[in-house]
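Each remark here refers to the structure printed beneath this line.
The values are calculated or read from the model by the stated rules, or taken from the named source; none is laboratory data. From a predicted model like this one, the values you see are computed outputs, not experimental measurements. Methodologically, a virtual Cβ is constructed for each residue, glycine included, from the backbone with ideal geometry; neighbour enumeration extends over all protein chains shown. Just the protein is used for accessible areas: all its heavy atoms, side chains included, with ligands, DNA and RNA removed. Shrake-Rupley method; radii C 1.70, N 1.55, O 1.52, S 1.80 Å.
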Amino acid sequence: MTRRPAPGRGWRWAALAISSALVLTGCSDAGAGGDQLQVVENPERASAAPSPATAAEPAGRVVPVDGDVTDVTTADGVLAAAVSGEDAVRLYDLAEPGAEPRTVSLPGEVTKLTTIDGSVVAAMPDAGAFARIDGAAGEADVVELDGAPAGVAADGDRTLVALRDAKAVQVLDADDRPVNTLRGELYSADDVLVGGSGAVVLDRLRTAVFSVDLADGTIDEGLRAGQGAVDATTDEYGRVLVTDARNGALLAFDTDPLLLRQRHPVPGGAHGIAYDAKRHVAWVTLTERNQVVGYDVRGGQPEEKFRLPTVRQPDSVTVDERTSRVVIGSAAEEGIQVITP
């Protein structure tokens, strides 16, 4: 049985976090300039802080890659990597990552990789499509949509797709047919995540998360996610974990109801995030320091357990759920790093 973190110190952290959060309901739809809760007039998505040259030998093993790695994920012993400028996904054997990868051609460049029910899912906003990739067979099933898919999640037999430019979340049935399109006070729909008994959409342009009500077919209340939300994942406690690149923080949100539970400072250019359910560790990359930090998030306050040197510009990270290996992608042509903590 899954246990939620016990109260105590966590409630003090929650109170501090909630007091600094801004509720984003009832906002003007006149654009960023007319929103009294928007922190800047012309918002821009936060990006990874630039990395210096590496000062320490990266931990684990580094596999050379001829290009900038934009995202990584693992599924059933297969490591999938997206490389900037390629309309494809590279598939590596995680047990032998130095072996020649297989390449799965796709109709567009991949900006986001995730794993759903053992399949690698690749989002291709510019191509108006996402793909489910069978890692063992090296075959892709492409789903075309009217929009720019930026993130994909599963809720039972339904598929949720964040349509970035349409500022919406589209719901697909088991046969990938659109059955509903949910809209609200979004500026951009950059990812969608299902945690616990609720779903949220990440709006990087507004640096906020919004509650997705699938029963009512609406996008409801929103909460500010720091000053520069860039990446998000879920943990086994039903929370959505978000990195704030501009303020350097790790935030934890309950989904039903939407509530900010924790805000933990993470200096050094927090960016990519992945979660290891076996060890209850959230891994956060620090691009200003070329490091990855592992936080035990079972208690009321994240507790640092690991701090390891990485390749330069460690923008993306994933964890293999079977072995707890941590995989990091360099967006500065320094390859893919595989660590066994």
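What the table shows:
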{"read-out": "Difference of contour (0.36 nm per residue) and Cα-Cα distance, Glu304 to Arg183", "value": "39.8 nm"}
{"read-out": "Around Ala150: net Lys/Arg minus Asp/Glu count, Cβ-Cβ under 13 Å", "value": "-3"}
{"read-out": "Fraction of accessible area attributable to carbon and sulfur, region 202-297 (%, probe 1.4 Å)", "value": "42 percent"}
{"read-out": "Net charge of neighbours whose Cβ lies under 10 Å from the Cβ of Leu214, counting Lys and Arg as +1 and Asp and Glu as -1", "value": "-2"}
{"read-out": "Estimated [θ] at 222 nm from DSSP helical runs (n ≥ 4, -39500 (n - 2.57)) normalised by residues in the chain, nearest 500", "value": "-1000 deg cm²/dmol"}
{"read-out": "Estimated vicinal HN-Hα couplings, Hz - region 76-93 in sequence order (Karplus 6.51, -1.76, 1.60; Gly, Pro = x)", "value": "6, x, 10, 9, 9, 9, 9, 10, 4, x, 10, 8, 5, 10, 9, 10, 10, 7"}
{"read-out": "Rounded accessible area per residue of the chain, 1.4 Å, Å²", "value": "42 Å²"}
{"read-out": "Whole-percent carbon and sulfur share, accessible surface of region 43-161, 1.4 Å", "value": "42 percent"}
{"read-out": "Loop-resident sites, region 211-257, for trypsin sites (Lys or Arg not before Pro), counting at most 10 other Cβ within 10 Å (DSSP)", "value": "none"}
{"read-out": "5 angstrom amide H check on Asn247, placed H, neighbours 5+ away", "value": "Gln227, Gly228"}
{"read-out": "Equivalent ellipsoid semi-axes - Cα gyration tensor, region 242-326, angstrom", "value": "20, 16, 11"}
{"read-out": "Net charge, Gly77 excluded, C-beta distance under 14 Å - Lys, Arg +1, Asp, Glu -1", "value": "-3"}
{"read-out": "Largest to smallest principal axis extent of the C-alpha atoms in region 114-237, angstrom", "value": "41, 29, 28"}
{"read-out": "Gyration tensor (Cα) of the chain, equivalent ellipsoid semi-axes in angstrom", "value": "28, 25, 19"}
{"read-out": "Straight-distance crosslink candidates among aspartates and glutamates, where the alpha carbon sits under 12 Å from Lys305 and sequence neighbours closer than 8 are dropped", "value": "Asp296"}
{"read-out": "Rg [Å, one decimal], Dmax [Å, integer] - region 151-300, C-alpha atoms", "value": "14.9, 45"}
